[in-house]
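Encoded as structure tokens, the structure appears first; notes follow it.
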Number of protein chains: 2
Amino acid sequence: MANDRPPRPSRRGFLKAGGAAVAAGASLGAGLAAPQNALGKTQPHAAADPQMAVEPFYGAHQGGIVTPQQSHTYVAALDLTTEKRDDVIALLRAWTEAAARLTQGGTAAPLPTGDAGDNKAAPDSGDVLGLGPCGLTITFGFGPGLFTHEGKDRYGLAARRPAALVDLPRFNGDQLIKEKTGGDLFIQACANDQQVAFHAVRQLSRMAYGTAAMRWGQSGFLSGPRGQTPRNLMGFKDGTNNPSTAKPQLMNQFVWAGASADAPWMEGGTYTVVRRIRITLEHWDNTELDFQEQVFGRHKYSGAPIGKKNEFDAVDLKEEDKDGNPVIPENSHVRLSNQASNNGAQILRRSYSYNDGTNFYIERWPPWRQETEYDAGLIFIAHQGDPRTGFIPINDRLAKFDMMNQFTTHVGSAIFAVPPGAKPGSYIGAGLFET
Amino acid sequence: MANDRPPRPSRRGFLKAGGAAVAAGASLGAGLAAPQNALGKTQPHAAADPQMAVEPFYGAHQGGIVTPQQSHTYVAALDLTTEKRDDVIALLRAWTEAAARLTQGGTAAPLPTGDAGDNKAAPDSGDVLGLGPCGLTITFGFGPGLFTHEGKDRYGLAARRPAALVDLPRFNGDQLIKEKTGGDLFIQACANDQQVAFHAVRQLSRMAYGTAAMRWGQSGFLSGPRGQTPRNLMGFKDGTNNPSTAKPQLMNQFVWAGASADAPWMEGGTYTVVRRIRITLEHWDNTELDFQEQVFGRHKYSGAPIGKKNEFDAVDLKEEDKDGNPVIPENSHVRLSNQASNNGAQILRRSYSYNDGTNFYIERWPPWRQETEYDAGLIFIAHQGDPRTGFIPINDRLAKFDMMNQFTTHVGSAIFAVPPGAKPGSYIGAGLFET
């Protein structure tokens, strides 16, 4: 029967004729031009079609860090199960090659072209055939367990662990779920399509069978009005005060790791903290608008700092009202997380909302409802040159004082050293293993 | 401080200037035109912008049934906690009014325009301000518990329960999770944006506080290449053989409920079955391509029935190979679910994929892995005029014989009577309560 099947093209070959940004290959067989169906009319891809966006894979830095944020993500952490250093290297080589293909709109590996492959599992699940590259980026990171695991130096890397890759302390209020915390290897896939992001992690984690096992995976999304700062599920604009990715000097100062003596291989990389923050939306939605604004330190609809008119007006922490009280409350999120409150530290937040349905929950604050609630909130993702001056002191202050803690609970946590980008022919993390 | 806040516009007022399909209201204050930021350049909405699509709310039928499928859904079921019939009617009236606003791009209720409202919780969470209507449809349904609850006729409706609203039988292989099964009231929100779909359910369920409580909620998505049949997470095209929504005669025959003697109020409505079907993607991905195709009865890449060239070639269940064996295997999904195998029955499938991260799982089939796996699969949604001739016999056969059962487990289930659409001034379900 296999000979009745049309020739199998590449993923890009499935793109509709008329796709502009990526040329359809010669393998686009006539039999593959699907007719219209009830689900929608054929329409040509617009020039700025987010499906057709392509991000580079190889380069000085990995993608997905200063890349303008795509609409969806799937992040995952795996635990290494092998004892062999060569297995880890082989996995990173294979991941690099597959990621380079996937980000450019390809399948994880070439699909078989003849009957010979039919009795094997295909090297790609095929579920995004016909979808464009969708601006896919894939970012790899290394958790503490790559360097030391239960006191053992499994791969001869313990001496190369960067001092900046600290084990995160326990923060006030943490309610971490073990199955959503930690991990030896990190994969972050971001794309302008939910299935394309998940597809990438799915192919890569499958390639790890026997070498590493899934620890946790998490889907996320960002619904930003185009050209505006997106609102998170609390209804406030999120990311206004990020350091500008358009300013390389700021990125070098706050985001990219330098050439430290203990970890020269991290130069051009970054340190990434991931926190799964559950938000009691039911509680929040019944909170007075004024109080919500006090919690954030910003006006909800405009995004302006309290007392200001416009979103990008400067945050003035010294301003007082006529009674001498601070206009931006002492324990507001904006004040506590502001650079001025943190010895000048900044981190690059690149977070996504998450929405995993519902489950039974016991609220931690009045009115302490016990009921079925949304398991929804924020996949907080922050990049920085050194978490010891970035996330850790900032979050320590927030965890203790932030009024927002009445509505948020950190239930997952992880930290990773994200190495620099790879050169073609090399692989992600080569500097760690080869020099 | 409230007087420093710009005037609060409608949700549509937040749409960027340049939005074509929906006119920005006069309330779009100058202060709200956000400058460009690092997240993306301002770009005008294209004519066919899925953000700007608007679906009608009022009409003979509810939206979201034969509506061309949007890219995202959030479905939820609530349990009634009130004993009062008037509370139920008041909720349905409020839901109808809010749904009409939301689908047209509005907030659930008008936002307060002056300082008076600042000390109350706002009537809308505000998290989709600035996003367009996104083709939002909202569909309401009634579960068996509206009519009889633990043997009690709470609202005087028991005699009006349609015979077609049966309690679903236990099917072979069902592993239903109580917290993801059943429900007295159903809300399905579909939109071309994940946050817009969830936002709708979130506002509506909040309005039900004190009358009904969340039983389960579930996010879903569909990543179809434009103009082609989308592929589900198994990598096969899903929906090819659906009855055409473009043919009213087929919809009347298979989807819309007629004027039955026991439930005349259901005329123009439908019966909807929802099943949460977990798929062991890890197992499936390691399954030979030929076997995958035998399971479906279709070729994976083209979508054609086995032995045929093109997706929309007719399924010929009688065809035999040279050895006299059926070309489309006896226990393939396509054969078992085909109209010809089910006394001519058809159902309108309008399913979404779901992806809720990972959790520990024990596979039900060889190799019986016990490990952290994707909690992902299909939110199967099917509409039909009568489930006794539709979903029930079809799924009974599938549950017993479908080869696909090696990879799928039904973990959630619900059935609802979805009444016809409302007229302006009336409300969804008025026919049940008022006649």
| Residue ID - surrounded by the most Cβ atoms within 10 Å (Cβ to Cβ), chosen from residues in segment A:354-372 that are of a type in the set (Ser, Thr, Tyr) and at the interface with another protein chain (Cβ under 7 Å from one of its Cβ atoms) | A:Thr358
| request: Being over 30 Å from A:Tyr354 (Cβ atoms) and away from every other protein chain (no Cβ under 11 Å) is the filter here, so list the residues in segment B:339-353 that pass it. | output: B:Gln339, B:Ala340, B:Ser341, B:Asn342, B:Asn343, B:Gly344, B:Ala345, B:Gln346, B:Ile347
| field | From the options A:Arg231, A:Arg226, residue that is open to solvent by 60 Å² or more (accessible area, probe 1.4 Å) and closer than 30 Å to B:Val201 by Cβ | value | A:Arg226
| query | Only one residue in A:Asp167, A:Asp124, A:Asp174 is of a type outside the set (A, V, I, L, M, F, W, C), within 13 Å of another protein chain (Cβ to nearest Cβ) and outside any strand (DSSP E or B). Which one? | reply | A:Asp124
| message | Criterion first (touching a helix residue (DSSP H, G or I) at 6+ places or on another chain (Cβ under 8 Å) and either of a type in the set (Asp, Glu) or farther than 29 Å from A:Gln292 by Cα (or both)) does A:Trp256 satisfy it? | response | no
| Restricting the search to segment B:116-160, which residues are in contact with an Asp or Glu (Cβ under 8 Å, 6 or more places away or on another chain) and within 17 Å of B:Gly182 (Cβ to Cβ)? | B:Phe142, B:Gly143, B:Pro144, B:Gly145, B:Leu146, B:Phe147, B:His149, B:Arg154
| Which of the residues belonging to segment A:205-226 are facing chain B (nearest Cβ under 7 Å) and either closer than 24 Å to A:Gly106 by Cα or not in a loop (DSSP other than H, G, I, E, B) (or both)? | A:Arg206, A:Ala213, A:Met214, A:Arg215, A:Trp216, A:Gly217, A:Gln218, A:Ser219, A:Phe221
| Evaluation of B:Ala213 against (1) within 21 Å of the chain's Cα centre (by Cα); (2) farther than 30 Å from B:Tyr361 by Cβ; (3) of a type in the set (Gly, Ala, Ser) (one fails), failing number | (2)
| task | For A:Thr280, indicate whether it is within 15 Å of the chain's Cα centre (by Cα) and β-branched (Val, Ile, Thr). | result | no
| Does B:Thr107 count as touching a residue at least 40 places away in the same chain (Cβ under 8 Å), crowded, with 24+ Cβ neighbours inside 10 Å and within 14 Å of chain A (Cβ to nearest Cβ)? | yes
| task | Taking the options A:Gly425, A:Gly421, A:Gly377, name whichever one is out of contact with any helix residue (DSSP H, G or I) (no Cβ under 6 Å at 6 or more places or on another chain), over 26 Å from A:Asn241 (Cβ atoms) and in contact (Cβ under 8 Å) with a residue 12 or more places away in the chain. | result | A:Gly421
| message | Taking the criterion of being open to solvent by 30 Å² or more (accessible area, probe 1.4 Å) and within 14 Å of chain A (Cβ to nearest Cβ), would at least one residue in segment B:328-338 satisfy it? | response | no
| message | Consider segment A:288-307. How many of its residues are open to solvent by 10 Å² or more (accessible area, probe 1.4 Å) and facing another protein chain (nearest Cβ under 7 Å)? | response | 3
| message | Can you pull out every residue in segment A:177-194 that is of a type in the set (Asp, Glu) and in a loop (DSSP other than H, G, I, E, B)? | response | A:Asp184, A:Asp193
| remark: For B:Ser260, the lone unmet condition from (1) modelled with pLDDT under 95; (2) under 23 Å from B:Arg349 (Cβ atoms) is (2)
| said: If a residue must be of a type outside the set (A, V, I, L, M, F, W, C) and not in a loop (DSSP other than H, G, I, E, B), how many such residues does segment B:244-270 contain? | reply: 6
| task | Can you tell me which residue within segment A:54-80, out of those that are of a type in the set (Gly, Ala, Ser) and within 11 Å of another protein chain (Cβ to nearest Cβ), is surrounded by the most Cβ atoms within 10 Å (Cβ to Cβ)? | result | A:Ala77
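Each row is one residue, and each column tells you yes or no for (1) more than 27 Å from B:Gln203 (Cβ to Cβ); (2) modelled with pLDDT under 95.
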{"site": "B:Gly117", "(1), (2)": "no, yes"}
{"site": "B:Gly126", "(1), (2)": "no, no"}
{"site": "B:His149", "(1), (2)": "no, no"}
{"site": "B:Leu168", "(1), (2)": "yes, no"}
{"site": "B:Gln175", "(1), (2)": "yes, no"}
| field | Only one of B:Ala98, B:Ala191, B:Ala121 that is in contact with a Cys (Cβ under 8 Å, 6 or more places away or on another chain) and open to solvent by less than 40 Å² (accessible area, probe 1.4 Å) | value | B:Ala191
| request: Within segment B:403-421, count every residue that is closer than 12 Å to B:His333 by Cβ and open to solvent by 10 Å² or more (accessible area, probe 1.4 Å). | output: 5
| said: Tell me yes or no: at least one residue of segment B:195-204 is open to solvent by less than 40 Å² (accessible area, probe 1.4 Å), out of contact with any Pro (no Cβ under 8 Å at 6 or more places or on another chain), in a strand (DSSP E or B) and farther than 25 Å from B:Ala158 by Cα. | reply: no
| query | All but one of (1) closer than 30 Å to A:Asn252 by Cα; (2) surrounded by 15 or more Cβ atoms within 10 Å (Cβ to Cβ) hold for A:Asp375; which doesn't? | reply | (1)
| field | Where a residue in segment A:350-370 is more than 24 Å from B:Gly377 (Cα to Cα) and its partner, wherever it lies, is in a loop (DSSP other than H, G, I, E, B) and open to solvent by less than 30 Å² (accessible area, probe 1.4 Å), with Cβ under 7 Å and at least six apart | value | A:Glu363/A:Thr280; A:Arg369/A:Glu363
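Every residue, every condition in (1) away from chain B (no Cβ under 12 Å); (2) closer than 30 Å to A:Tyr361 by Cβ; (3) touching a helix residue (DSSP H, G or I) at 6+ places or on another chain (Cβ under 8 Å), yes or no:
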position	(1), (2), (3)
A:Lys178	no, yes, no
A:Phe186	yes, yes, no
A:Met234	no, yes, yes
A:Gly269	yes, no, no
| field | Every pair of residues 6+ apart whose Cβ atoms lie under 7 Å, when the first sits in segment A:243-262 and is away from every other protein chain (no Cβ under 14 Å) while the second is of a type in the set (D, E, K, R) and surrounded by 13 or more Cβ atoms within 10 Å (Cβ to Cβ) | value | A:Ala257/A:Glu267; A:Gly258/A:Glu267; A:Ala259/A:Glu267
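The values are calculated or read from the model by the stated rules, or taken from the named source; none is laboratory data. Small disclaimer: the values here were computed from a predicted structure and weren't measured. FYI the Cβ positions are ideal-geometry reconstructions off the backbone, even for glycines, and counts take in every protein chain you see. To get the accessible areas, we keep the full protein, side chains included, count just its heavy atoms, and leave off ligands, DNA and RNA. Shrake-Rupley method; radii C 1.70, N 1.55, O 1.52, S 1.80 Å.
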